[in-house]
Every structure is written in C-alpha cells, then in structure tokens.
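Working notes, structure below.
The values are calculated or read from the model by the stated rules, or taken from the named source; none is laboratory data. Worth saying up front: this structure is predicted, and the values here are computed from it rather than measured. Ideal geometry is used to build each Cβ from the backbone, glycine not excepted, and the neighbour counts take in all protein chains shown.
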Amino acid sequence: MRIHRNREHLARALDAVRRKNETIGFVPTMGALHQGHLSIVRHAKKENDRVVVSVFVNPLQFGPKEDYRRYPRNLRKDASLLNAENTDWLFAPDAGTLYPDGFQTTVKTGVLARRLCGPHRPGHFDGVATVVLKLLEIVRPDSLYLGQKDYQQFVVLRRMARDLDLGVHVKMAPTVREKDGLAMSSRNAFLSLSERRRAPSILAALRHTAGSLKAGRSAQQALREGLEILRQGHPNRIDYFEIVDAESLEPMVKLKKGGRAVIAAAVYFGRTRLIDNILIEV
Ligand code: AMP
C-alpha cells in the first residue's frame with residue numbers, strides 16, 4: 001500500500017491507473033478504523049481493480065461544541081489495518097491541504113439534509129458534502145462506497161452525485177455490529193463501561209419497532225413501544241427516534257405498502273452521540 005499526504009502525488013498515480021482502464025473504488029473515512037470500515041474496503045476490493053481509502057478528520061463537518069478535537073486519531077494503526085486488506089492507496093491529507101488559506105466555497109445540501117440529524121447538527125451535511133466532493137475530484141473514482149450506519153449521509157451524497165452530475169456510482173455497504181448489536185463506531189471508544197452496557201438498547205428499540213410494524217401496529221404505536229425499550233437503556237438524551245421514507249427521509253405517518261422505510265435513532269450515552277438505523281420493506 002502507498003500512503004500519500006500530497007494530493008498531486010496521489011492524482012498522478014491514479015492517472016496511470018485510469019490509463020490502463022482499471023476501475024477505482026473509493027472509501028472516505030475519518031480514521032480510527034474498525035471492522036465496519038474494513039468491510040466497506042472489502043466490498044470495494046471485490047468490485048474494483050484498485051481501492052483508495054482516505055483518512056481525514058474533516059473540521060468542516062463538526063459543530064463548534066462537537067468532538068473535533070477529541071475525535072480519535074491513529075494513522076499508524078489505520079495504515080496497518082488497511083495494508084492487511086490489500087488497499088492500494090491511503091490518502092491522508094492534512095487540513096491545510098484540503099482547506100488552504102482563503103478557502104470559502106462550500107456545497108449547500110437540500111431538504112434531505114434537514115431531516116433526522118439535520119436540525120441537531122446544523123451545517124454538518126454541507127461539511128460532509130464539501131469534503132467528499134473535493135475528495136472525489138482528487139481521486140476521480142468509478143464508485144464511492146459508504147456505510148449504512150450513516151444512512152442519511154448516503155442519501156445526501158447520492159443526491160449530490162446526481163444533482164452535480166459527478167458521474168460516480170454511490171454504493172452502500174451494510175452496517176457491521178458488535179456481538180451485542182451495537183453498531184461499530186469510532187465513537188464507541190468514548191463510552192464508559194456502564195454506557196457501553198446500555199448502548200445496545202438502540203438496536204433493541206429499532207428491532208422492536210420493526211417487529212411491531214410487521215405485526216400490523218401503526219407507526220405511532222410502534223414508535224411508542226420502541227421508545228420504551230430505548231428508555232430502558234437510560235440514554236442521557238434522545239435526539240430523535242423516527243420512521244422515515246427510505247428515499248425522501250420524510251416521517252412516515254401512514255406506511256406505504258411496497259415502500260421502503262428506515263427506522264433511525266440518534267441517542268446520547270453520556271457525552272457520546274450514537275446513531276443507528278435499520279431498513280425495512282413495508
Ligand atoms: P467515518 O469514519 O465514521 O466517517 O465513517 C466512514 C465510512 O464508514 C462511512 O461511510 C460510514 O457510514 C461507514 N461506517 C462507519 N461505521 C460503520 C459500521 N459499523 N458499519 C458499516 N459502515 C460503517
């Protein structure tokens with residue numbers, strides 16, 4: 001695996017790949033890699049000749065009171081994990097490379113970004129879209145690979161790719177979980193023992209809600225029951241617990257037969273904000 005901090009060096013290497021008509025899969029991450037990230041890399045490997053992974057903790061997508069400073073960083077370990085997956089290139093720019101002095105132009109996302117996490121993280125998806133657009137411009141991959149754990153991010157970036165004619169396939173890999181159901185996340189490292197023990201209540205609540213819907217209960221009733229399960233884990237705060245249309249992310253009051261829905265939650269355990277979701281066919 002080659003590691004590049006310099007964008008020109010990476011771009012030059014990738015030009016040579018394209019000249020050979022080899023396909024490039026791209027996996028953007030913020031590092032502190034775990035099996036969730038690595039499973040996306042494996043998906044990308046299966047479908048492409050070459051795979052590029054980026055590690056960049058993007059300041060633009062963190063709010064002023066969020067965890068940008070304390071976000072876990074361990075490039076050496078990330079590089080060794082990626083090397084073991086036969087990743088071809090690791091791109092690890094610093095903030096000054098992507099946002100040099102005078103930087104001022106950003107992507108403005110639309111209504112999809114205002115659902116779910118939107119009201120709780122103002123500016124977050126604009127920051128994500130901006131950095132991903134810049135990375136896509138540098139890597140120019142055939143396919144972009146994202147994880148279902150951040151389902152709203154997937155929908156917002158797929159929309160951006162269509163709206164801005166980026167000509168990249170946007171693909172989603174399933175969520176990888178710990179044995180007890182907690183979705184893997186770099187932020188899980190922040191959880192205290194007690195918080196870690198309580199956090200699987202998120203998936204339990206999502207699954208219970210899905211079961212209630214399948215059993216024919218209304219969305220409102222299914223959510224009420226799910227919330228009860230979630231509260232048994234004593235979360236410190238619930239940002240949302242919702243059933244939304246899988247395409248528009250609009251709240252589903254009446255379930256449309258034949259449609260796809262997402263049950264999604266954002267919950268704090270201690271100071272750590274965790275998100276998770278499951279997709280269901282109605
Ligand atoms: P992050 O480093 O948190 O920005 O995540 C980078 C990519 O990995 C995003 O596309 C995430 O959706 C994805 N991802 C993070 N955690 C998981 C997980 N547990 N399972 C699958 N994908 C994940």
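Every residue in segment 65-120 that is loosely packed, with under 13 Cβ neighbours inside 10 Å, without any contact (Cβ under 8 Å) to a residue 60 or more places away in the chain and among the acidic types (D, E), please. Of everything in segment 65-120, just one residue is loosely packed, with under 13 Cβ neighbours inside 10 Å, without any contact (Cβ under 8 Å) to a residue 60 or more places away in the chain and among the acidic types (D, E), namely D101. Scan segment 1-47 residue by residue and report those that are within 16 Å of the ligand (Cβ to nearest atom) and either touching a Ser or Thr at 6+ places or on another chain (Cβ under 6 Å) or of a type in the set (A, V, I, L, M) (or both). Within segment 1-47, G25, V27, P28, M30, A32, L33, H37, L38, I40, V41, A44 meet the criteria.
Within segment 185-198, residues that are among the hydrophobic types (A, V, I, L, M, F, W, C) reach partners that are surrounded by fewer than 18 Cβ atoms within 10 Å (Cβ to Cβ) with beta carbons closer than 9 Å, at six or more positions or on different chains, in the pairs A189/P72; F190/D67; F190/R70; F190/P72; F190/G270; F190/R271; L191/R197; L191/G270. Quick check on A204: is it surrounded by fewer than 19 Cβ atoms within 10 Å (Cβ to Cβ), on the phi < 0 side of the Ramachandran plot, within 13 Å of the ligand (Cβ to nearest atom) and not in a strand (DSSP E or B)? Criteria not met by A204. The conditions of being away from the ligand (no atom under 13 Å from the Cβ) and of a type in the set (S, T, N, Q) are not met by S185. Within segment 214-244, the only residue that satisfies the criterion of being part of a strand (DSSP E or B), without any contact (Cβ under 8 Å) to a residue 40 or more places away in the chain, in contact with a helix residue (DSSP H, G or I) (Cβ under 9 Å, 6 or more places away or on another chain) and surrounded by fewer than 20 Cβ atoms within 10 Å (Cβ to Cβ) is I238.
The set of residues in segment 1-28 that are of a type outside the set (D, E, K, R) and surrounded by fewer than 21 Cβ atoms within 10 Å (Cβ to Cβ) comprises M1, I3, H4, N6, H9, A11, A13, A16, V17, N21, T23. Taking the numbered list (1) more than 15 Å from the ligand (Cβ to nearest atom); (2) acidic (D, E); (3) under 26 Å from R158 (Cα atoms) in turn, D101 passes all entries but (3). The listed residues are K214, K179, and the only one of them that is more than 12 Å from the ligand (Cβ to nearest atom), at pLDDT below 95 and either within 27 Å of T29 (Cβ to Cβ) or of a type in the set (D, E, K, R) (or both) turns out to be K214. Within this structure, Q148 passes the test of being polar (S, T, N, Q), in contact (Cβ under 8 Å) with a residue 60 or more places away in the chain, within 10 Å of the ligand (Cβ to nearest atom) and buried (at least 20 other Cβ atoms within 10 Å of the Cβ). Return a yes/no flag: does segment 150-165 have any residue that is of a type in the set (V, I, T) and closer than 27 Å to R70 by Cβ. Yes, segment 150-165 contains a residue that is of a type in the set (V, I, T) and closer than 27 Å to R70 by Cβ. Set side by side, the residues N86, N58, N21, N48 differ, and just one is in contact with a strand residue (DSSP E or B) (Cβ under 7 Å, 6 or more places away or on another chain) and closer than 23 Å to K171 by Cα, which is N48.
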